[in-house]
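Undergrad: Supplied in structure tokens, the structure appears directly below.
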Amino acid sequence: MQEYDSHGIRKIVPGRAQMSRLTEAQRLLRQGRIAEAERASRAVLERSPDDVEALNILALAAIRDGETSRAVALLERATRINPSNPVSFHHLGRAQETAGNLPAAQAAIREALRLKPEFYLSRLHYAALLERCGDAEGSAMHFARTLHDAQAQNQWINAATTPAGLRPLVEHAVLTVRARRSALLFGVSDRLAHRYGRESMARVEKCLRVYLGEEQARFPDPRQRPTFLYFPDLPTTAYLDPAACPWIEQLEAQTGAIRAELLQLLPSEQGRERVFTAADVERQNLRGADAAPSWNGYYFFRHGVRREDNCASCPATSAAVGRLPLSRVPEHGPEVLFSVFTAGTHLLPHRGVTNTRVVGHLPLIVPPDCALNVGGEIHVWQEGRVVVFDDTYEHEAWNRSGETRVVLIFDLWNPYLTEAEQAAVADLVQAIGDFRKTMEQL
């Protein structure tokens, strides 16, 4: 795979005949010694007239000399010689922009991004072009994508990882994305305030300020650390008081019927899915004793989508689940499943994404030496006895027996949220997800 530096110039692979001259030309250009860079590039072109890297360096020198027409001609020649080189199109776009031909600049950089979607330097300039042309929304989305891609490569995280010449534009990108997200999310809050009243959104707006980095999160219990969204001013405890969950008694009364449906499913693999769909994530999070670990489940809801086949196979379970205050967020939640740990499986310590939801367990098959640890507090499952916990506390679970353990797991709204706050969180999480999806589809 070809590699490029922060200026968009391809790194030279050792062993090439022109390596020393091209390296020298690059060095001279970066030092601002334009005339010398041009001479070094011309020396390369005398031996190899179609050397695309040399044409790019010569064009960049022309831009710095103010000769944009010559730069455009050189780069158009480079793109004809090698139409699959994204750097040539990127530089052509920059030259066209300098020449004032913004439509041609956009077209050239679009081609660079088509050839190399992860070319975050090119996308940064494309976003700035869109902004210059009046497309504020498109610009913000491309700024978001370029920051995401750069930071995934440990670039543009701080001043030390951002080239000095790019810092003003990168900082502008950060502020633009922050403003766009803020306007989007507070717009959701404003619409709900119109429906429920402004006072009903007080904690929601505080939650947004924390999410957007405008206010520091203050955790009453330092063990609690959501990985995504923290909702402030909710009571904090590793395990919830059953008195806060009035539905528990009714669900526990259905244990026999639910367990009977589970036993009909267990002999078959049909309808069963791995909880961790990626093998590397599974390896990171599961350990086994005498055999390979396995965590899989029969899902009734996954990412908020109802699994009709499993629901139809287990009508009593489906009906019991349907009466619960599930945290329903389209395309995100709830997760409801018969959670199956094979013998010896250990789910390593981890944290959940948000304290706006809590997790319920109805234990159905619990052999000896199986337990749940939330925030350092160990709970031993008892068949038919519901436990509800805040999974933003670090937690783990294990089955150290030689038999299978099965628990019905279900995601619930935190019972201390109001109806208006539940609606707000559902809309906000969906808006955040839609923003990310749009960014990733660029």
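The values are calculated or read from the model by the stated rules, or taken from the named source; none is laboratory data. Source: prediction; values computed, not measured. Positions of Cβ are generated from backbone atoms using ideal geometry, with glycine treated the same way; all protein chains shown enter the neighbour counts. In case anyone asks, the SASA skips ligands and DNA or RNA and just uses the protein heavy atoms, side chains included. Shrake-Rupley method; radii C 1.70, N 1.55, O 1.52, S 1.80 Å.
Undergrad: Place a +1 charge on the Cβ of each Lys and Arg in region 185-298 and a -1 charge on the Cβ of each Asp and Glu, then give the dipole magnitude about the Cα centre in debye, rounded to the nearest 20.
TA: Working: 14 positive and 16 negative charges, 63 e Å.
Computed about the Cα centre, the dipole is about 300 debye.
Undergrad: Shape call for region 293-442 from the C-alpha gyration tensor, a ≥ b ≥ c root eigenvalues: rounded (a/c under 1.5), prolate (a/b greater than b/c) or oblate?
TA: Details: a/c = 1.70, a/b = 1.51, b/c = 1.12.
It comes out prolate by the Cα gyration axes.
Undergrad: Roughly what angle does helix 120-132 make with the longest principal axis of the chain, taking Cα atoms, 0 to 90 degrees, to the nearest 10?
TA: 80 degrees
Undergrad: Would any residue of region 139-158 have its amide N under 13 Å from a label point 7 Å out along Cα→Cβ of residue 167? List them or say none.
TA: Answer for region 139-158: 156-158.
Undergrad: Kindly state, to the nearest 0.05, the FRET efficiency for residue 218 paired with residue 350, given R0 = 25 Å and r defined as their beta-carbon distance. Could the numbers behind the result be given before it?
TA: Numbers: r = 23 Å, r/R0 = 0.92.
Computed FRET efficiency for residue 218 and residue 350 comes out at 0.60.
Undergrad: Can I ask one more? Kindly write out, for region 23-38 in residue order, the coupling ³J(HN,Hα) from the Karplus curve 6.51 cos²θ - 1.76 cosθ + 1.60 (θ = phi - 60°), rounded to whole Hz, with x marking Gly and Pro.
TA: Whole-Hz 3J(HN,Hα) from phi for region 23-38: 4, 5, 5, 4, 4, 5, 5, 5, 7, x, 8, 5, 4, 5, 4, 4.
Undergrad: Between residue 153 and residue 82, take the C-beta separation as r, use R0 = 35 Å, and let me know the FRET efficiency to the nearest 0.05. Can you show the working numbers first?
TA: Numbers: r = 24 Å, r/R0 = 0.69.
FRET efficiency, residue 153 to residue 82: 0.90.
Undergrad: Please list, by residue number, everything in region 164-188 whose backbone N is under 17 Å from a paramagnetic label point 7 Å out along Cα→Cβ of residue 430.
TA: Correct set: 184-188.
Undergrad: Follow-up. Need one value: the accessible area of residue 176 in square angstrom, 1.4 angstrom probe, rounded to the nearest 10.
TA: My reading of the accessible area for residue 176 is about 30 Å².
Undergrad: Relative contact order, percent, of region 64-169 when contacts are C-alpha pairs under 8 Å separated by at least 6 residues?
TA: On the way: 107 pairs, mean separation 17.6, N = 106.
The normalised contact order for region 64-169 reaches 17 percent.
Undergrad: Right, another one. Which trypsin sites (Lys or Arg not before Pro) in region 355-404 sit in a loop by DSSP (not H, G, I, E or B) and have at most 16 other Cβ atoms within 10 Å of their own Cβ? If you can, show how the numbers build up before the last one.
TA: Working: sites: 357, 385, 400; in loops: 385, 400.
Of the trypsin sites (Lys or Arg not before Pro), the ones in loops of region 355-404 whose Cβ has at most 16 other Cβ atoms within 10 Å are 385, 400.
Undergrad: With every protein chain present, what is the per residue accessible area of region 98-149 (1.4 Å probe, Å²)?
TA: Working: 2050 Å² over 52 residues.
Per residue, region 98-149 has 39 Å² of solvent-accessible surface.
Undergrad: Taking the Cα centre of the chain as origin, work out the dipole magnitude from +1 charges on Lys and Arg Cβ and -1 charges on Asp and Glu Cβ, in debye rounded to 20.
TA: Using Cβ point charges on Lys, Arg, Asp and Glu, the chain gives about 1440 debye.
Undergrad: Note down the nm distance, to one decimal, between modelled labels 7 Å out along Cα→Cβ at residue 323 and at residue 400.
TA: If labels sit at residue 323 and residue 400, their model points lie 3.7 nm apart.
Undergrad: Of 74, 128, 100, which is farthest on the positive side of the dipole of region 25-169, counting Cα position, with +1 on Lys and Arg Cβ, -1 on Asp and Glu Cβ, and the Cα centre as origin?
TA: Farthest along the dipole direction, towards plus: 74.
Undergrad: Okay, next question. Peptides 251-261, 72-82: what's the order by average Cβ count within 10 Å, highest mean first? Walk me through the numbers on the way to the answer.
TA: Numbers: 251-261: 16.5, 72-82: 18.8.
So the order, starting with the most tightly packed, is 72-82, 251-261.
Undergrad: Another question, then. Per residue, how much accessible area does region 299-386 show when a 1.4 Å probe rolls over the protein heavy atoms, in square angstrom? Working shown, then result.
TA: Values: 3320 Å² over 88 residues.
For region 299-386, the solvent-accessible area averages 38 Å² per residue.
Undergrad: How much length would be gained if the chain were fully extended between residue 36 and residue 227, taking 0.36 nm per residue of separation minus their Cα-Cα distance, in nm to one decimal?
TA: Numbers: separation 191, 0.36 × 191 = 68.76 nm, distance 5.21 nm.
Taking residue 36 through residue 227 to full extension adds about 63.5 nm, to one decimal.
Undergrad: Then there is this: Could you check the simple spin-label distance between residue 198 and residue 247, using points 7 Å along Cα→Cβ, in nm with one decimal?
TA: Label-label distance for residue 198 and residue 247, simple model: 3.4 nm.
Undergrad: Treating only the Cα positions of the chain as identical point scatterers, give the base-10 log of I(q)/I(0) from the Debye formula at each q in 0.09, 0.13 Å⁻¹.
TA: These q points yield log10 I(q)/I(0) values of -0.75, -1.08.
Undergrad: What angle do you read, to the nearest 10 degrees and between 0 and 90, between the alpha-carbon axis of helix 52-64 and the longest principal axis of the chain?
TA: 80 degrees
Undergrad: Taking only protein heavy atoms and a 1.4 Å probe, what accessible area per residue, in Å², does region 166-278 have with all protein chains in place?
TA: On the way: 6480 Å² over 113 residues.
Value for region 166-278: 57 Å² per residue.
Undergrad: Moving on to the next point. Find which of 115, 192, 55 sits farthest along the positive direction of the dipole of the chain, computed with +1 on the beta-carbon of Lys and Arg, -1 on that of Asp and Glu, about the Cα centre.
TA: 55
Undergrad: If Lys and Arg each add +1 and Asp and Glu each add -1, what is the summed charge of the other residues whose beta carbon sits under 10 Å from the beta carbon of residue 413? Write down the numbers at each step before the final one.
TA: Details: positive: 328, 357; negative: 411, 419, 421.
Neighbour charge sum, excluding residue 413 itself: -1.
Undergrad: Whole angstrom only: what separates the Cα centroid of region 383-439 from the Cα centroid of region 214-240?
TA: 14 Å
Undergrad: Please work out how much length the chain gains when fully extended from residue 191 to residue 419, using 0.36 nm per residue of separation minus the C-alpha to C-alpha distance, in nm with one decimal.
TA: Taking 0.36 nm per residue and subtracting the Cα distance, the gain is 80.6 nm.
Undergrad: Counting only protein heavy atoms and using a 1.4 Å probe, what share of the accessible area of region 142-278 belongs to carbon plus sulfur, as a whole percent?
TA: The nonpolar share, carbon plus sulfur, comes to 51 percent.
Undergrad: Enumerate the amide H contacts of residue 408 below 5 Å, restricted to partners 5 or more residues apart or on another chain; note that Pro and chain-start residues carry no placed amide H.
TA: Amide H to amide H, under 5 Å and 5 or more residues apart or across chains, residue 408 pairs with 339, 362, 364.
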